[in-house]
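A.B. asks: Quick one: the structure is below, and I'll ask about it shortly.
The values are calculated or read from the model by the stated rules, or taken from the named source; none is laboratory data. Source: prediction; values computed, not measured. Positions of Cβ are backbone-derived with ideal geometry, glycine not excepted, and every protein chain shown enters the neighbour counts.
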Amino acid sequence: MQFIDLAAQQAHMKDALDRRIQTVLAHGRYIMGPEVAELEGALCAYTGARHCVTCANGTDAILLALMALGVGEGDAVFVPAFTFAATAEMIPYVGAKTFFVDVDPRTFNMDANSLESCIALARDRGLRPACAIPVDLFGLPADYDAVEKVARQNDMHVIGDSAQGFGATYQGRWVGTLGDITTTSFFPAKPLGCYGDGGALFTDNDEWAELLRSMRFHGKGADKYDNVRLGMNSRLDTLQAAVLLEKLTIFDDELAARRSLADRYTAGLGNRLNVPYVPEGLSSAWAQYTIRLPETIGRTDFRLRLAEAGVPTNVYYPTPLNALTAYAGNATAPRGLNVSRRLANEVLSLPMHPYLQPHDQDRVINAVLDSL
């Protein structure tokens, strides 16, 4: 059994993928070929965003967003402590200071009250609160209404880190239309993934979109030798765009399969374990299905029992960002990061992909229940 079965997806659509790839090989425009613009248009149509700007990966997308918003020296940027390192990784590159915010114990996403206390701390340290980066963890959109309310009260921007959340919705709006700029990743294991690295940014702001298009291509102006600003090399390969275009044609079906699997997990495990919570009015892309184990159960031994039963698992994430060596010394929420710390000790992700068969999911559910 695979934790994420990319081979099954590839087998399902191999002929169509081969045709897409052969088209790129035939025209030979491997950088910024026609499939890139086609993909950006398709992603705008899917999300309802005015602009989509593809780039090399989701981490670059965060850096590009910070650059476009003018975040820099003397600024404070606020990120959740319970997420992958990429969310915080780019902040020092623009010269800003990182502040780690705690998360909500039910959704695992940024806690607006913790954000507010972090903003006050940043002001006390003489910094300008510039930007909050809520994360749509495991595919569930953050509480954008609450985060944006705090941000607007403090003249801040909001960058939605939706590396895991593309395909999800929030109060009738698709991910891609939340916050000032939304970033996403097309890493192969994501709900919409390519066969390498890839990323994108979404915004309704014409000026920011123009900056992003320039900055991803060495700060170009009228052409690539007219460098009008500092930029970077972060273009999406044409081959990856071709793969994503084909995957987008079955994306809704795969999202439906993920929702069905999540419902089945919840029905089978919800009476015994703390299962994922989806607030009313939201839908998840179900990048992961993550349970919380009781404090009385040792996670390491529990995983070993599941492995012996042939069930793969993963831990996302075993350490809050503030406790990692690279981020030691960064500011943390004044009231602490207790929820982030507890989650890091208790979470466990189960196999989740659109091609997980019912009999295999039954094996997972039974193994989990038998191992409690």
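A.B. asks: Looking only at the stretch 300-348, filter to residues that are surrounded by 14 or more Cβ atoms within 10 Å (Cβ to Cβ) and among the hydroxyl-bearing types (Ser, Thr, Tyr); which one of those is farthest from residue 89 (Cα to Cα)?
C.D. replies: So, considering only residues that are surrounded by 14 or more Cβ atoms within 10 Å (Cβ to Cβ) and among the hydroxyl-bearing types (Ser, Thr, Tyr), the one farthest from residue 89 (Cα to Cα) is 313.
A.B. asks: While we're on this one: Do we find that residue 76 is in contact with a Ser or Thr (Cβ under 6 Å, 6 or more places away or on another chain), crowded, with 23+ Cβ neighbours inside 10 Å, touching a residue at least 12 places away in the same chain (Cβ under 8 Å) and under 30 Å from residue 343 (Cα atoms) in this structure?
C.D. replies: Working: in contact with a Ser or Thr (Cβ under 6 Å, 6 or more places away or on another chain): no; crowded, with 23+ Cβ neighbours inside 10 Å: yes; touching a residue at least 12 places away in the same chain (Cβ under 8 Å): yes; under 30 Å from residue 343 (Cα atoms): yes.
Taking the combined requirement at face value, the residue does not satisfy it.
A.B. asks: Now for a different question. Looking at residue 196 and the list (1) closer than 30 Å to residue 17 by Cα; (2) touching a residue at least 60 places away in the same chain (Cβ under 8 Å); (3) surrounded by fewer than 24 Cβ atoms within 10 Å (Cβ to Cβ); (4) not acidic (Asp, Glu), which single condition is not satisfied?
C.D. replies: That leaves (2) as the condition not met.
Residue-by-condition table, conditions (1) surrounded by 20 or more Cβ atoms within 10 Å (Cβ to Cβ); (2) outside the structural domain of residue 218 (by TED's automatic domain parsing); (3) over 30 Å from residue 331 (Cβ atoms); (4) in contact with an Asp or Glu (Cβ under 9 Å, 6 or more places away or on another chain):
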{"site": "50", "(1), (2), (3), (4)": "no, no, yes, yes"}
{"site": "55", "(1), (2), (3), (4)": "yes, no, no, no"}
{"site": "59", "(1), (2), (3), (4)": "yes, no, no, yes"}
{"site": "101", "(1), (2), (3), (4)": "yes, no, no, yes"}
{"site": "107", "(1), (2), (3), (4)": "yes, no, no, yes"}
{"site": "113", "(1), (2), (3), (4)": "no, no, no, yes"}
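A.B. asks: Considering only residues that are in contact with a helix residue (DSSP H, G or I) (Cβ under 8 Å, 6 or more places away or on another chain), under 23 Å from residue 200 (Cα atoms) and loosely packed, with under 13 Cβ neighbours inside 10 Å, which ones fall in the stretch 11-29?
C.D. replies: Across the stretch 11-29, the qualifying residue is only 29.
A.B. asks: Enumerate the pairs (first residue in the stretch 247-265 and at negative phi; second residue anywhere and of a type outside the set (Ser, Thr, Tyr) and in a helix (DSSP H, G or I)) with beta-carbon separation below 7 Å, excluding pairs fewer than 6 apart on the same chain, so at least 6 apart or on different chains.
C.D. replies: 248/42; 261/361; 264/361; 265/365
A.B. asks: Name every residue in the stretch 250-278 that is surrounded by 15 or more Cβ atoms within 10 Å (Cβ to Cβ) and part of a loop (DSSP other than H, G, I, E, B), in order of residue number.
C.D. replies: Listed by number, the residues that qualify are 250, 273, 275, 276, 278.
A.B. asks: Now a separate question. Under the condition of being among the small types (Gly, Ala, Ser) and in a loop (DSSP other than H, G, I, E, B), which residue from the stretch 120-162 is farthest from residue 202 (Cα to Cα)? Spell out the reasoning first.
C.D. replies: Within the stretch 120-162, the first condition is being among the small types (Gly, Ala, Ser), and the residues that meet it are 120, 122, 126, 130, 132, 139, 142, 146, 151, 160, 162.
With the extra rule that they be in a loop (DSSP other than H, G, I, E, B), the set shrinks to 126, 142, 162.
Numbers: 126: 31, 142: 16, 162: 10 Å.
Taking the candidates together, the pick is 126.
A.B. asks: Residues of the stretch 184-201 being of a type in the set (A, V, I, L, M) and either modelled with pLDDT under 95 or part of a loop (DSSP other than H, G, I, E, B) (or both), which ones?
C.D. replies: Residues of the stretch 184-201 that are of a type in the set (A, V, I, L, M), as a first pass: 189, 192, 200-201.
The answer is 189, 192.
A.B. asks: Name, by its number, the condition in (1) assigned to a loop (DSSP other than H, G, I, E, B); (2) surrounded by fewer than 14 Cβ atoms within 10 Å (Cβ to Cβ) that does not hold for residue 356.
C.D. replies: (2)
A.B. asks: Can you run down the residue pairs with Cβ atoms below 6 Å, 6 or more apart or on separate chains, where the first is in the stretch 118-139 and closer than 13 Å to residue 150 by Cβ and the partner is assigned to a strand (DSSP E or B) and of a type in the set (Phe, Trp, Tyr)?
C.D. replies: 118/78; 118/99; 122/99; 132/78
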